[in-house]
Every structure is written in structure tokens, then in C-alpha cells.
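Read through the structure below, which is laid out as C-alpha cells, and then see the notes.
Readers should treat all values here as calculations from the given coordinates under stated rules, not as data from a laboratory. Treat the numbers as computed from the prediction; the structure is a model and nothing was measured. Because the Cβ atoms are built from the backbone with ideal geometry, glycine has one as well, and the counts that use them run over all protein chains shown.
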């Protein structure tokens, strides 16, 4: 988390292999280090990738489970 807080992160681990480039682009915008360039909540909700995913029934369960575990342990 320290690296993310400093704006340093990567999507190289195998967990990220099935994640689309569009999704990674969306995440990069959420994690932008410079607050003036970072997505606002409104911008995030209007992102083309998110709009495309709304209503999608299929969820990658291993990715979703891991994401939820990470959110539970997240500390700022």
C-alpha cells in the first residue's frame, strides 16, 4: 500500500492477467497520484469501461474474492 500511496504500482502479477486493459486504465485513473488528475466520483461513474460493465452478469469469482479480501484489510 505504501507504493500505491506514492503513486508506484504495477499490474505484473498473474492475478492481473485476466483483467482487461480497459479495466486497468480505469484503475490507473482512480489511483492517480496527482489529485488534480485523479478521477472524481462523478468521472469514475461516467467512465466508458464502468458504464459498459454495469449490468454485466458475469463476475470473475477468484478476482472478486481477492479484491474483497484486499478491501477488508485496507488501511490508510
Residue 10 paired with residue 63, simple spin-label distance in nm, labels 7 Å along Cα-to-beta-carbon: 2.0 nm
Gain upon complete extension [residue 24, residue 46; 0.36 nm per residue less C-alpha separation]: 6.3 nm
Extension gain (nm, one decimal) between residue 53 and residue 72, 0.36 nm per residue minus Cα-Cα: 4.5 nm
